[in-house]
Amino acid sequence: MYPDHTPHVPAQLAVEVHQPTPLPPAVAVSAPVVPVQPGSVPAVASIVLPDGRVVTGYAINPVQPEPVAAKPAVSRTAVNVALGGIGFLAVCGGLILLTSFIAALTAFITQLITLAAVIFGGWIAVQLFSASGHQGAGTTVNIRKATFKRNHFHG
């Protein structure tokens, strides 16, 4: 940091002070700028805004997108085969669902018929066993007072 040949300490060094030099104020030139249509696009373009300001800048060429690689055309036969395969699978799936639905409906109807037979059979069994167990449960007729004429009962 300090040269080695100086025998004095850093506090004894002379200090130089540099004063900034003021710049004269810029003089505005009020010459009007008239836009001129050039024959070709210049490297630097200037335009005049409606309020009188001039904007200068570089002309930017529009960015061209990279060309997309052409996709090979798909043949109509391949598309038709693919759509036919999808349709065939849809029909097969629908038939499987329909078959499963019919099988489930058949089992449900069979269970309803079995349930009806059990209920009706139970009702018949109750009627038979209750009639044979209680002889006097029906209508009581006093035969001594009844008169029978020509297969008609008058009581």
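Just so it is clear, none of the values below were taken in a lab; they were calculated from the coordinates. The model shown is predicted, which means the values in this text are computed figures rather than measured ones.
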HN-Hα J couplings of segment 75-80 from phi, Karplus 6.51/-1.76/1.60, θ = phi - 60°, integer Hz, Gly and Pro as x?
-> 6, 5, 5, 5, 5, 5
Expressed to one decimal in nm², the mean projection of the alpha carbon convex hull of segment 39-125 is 18.7
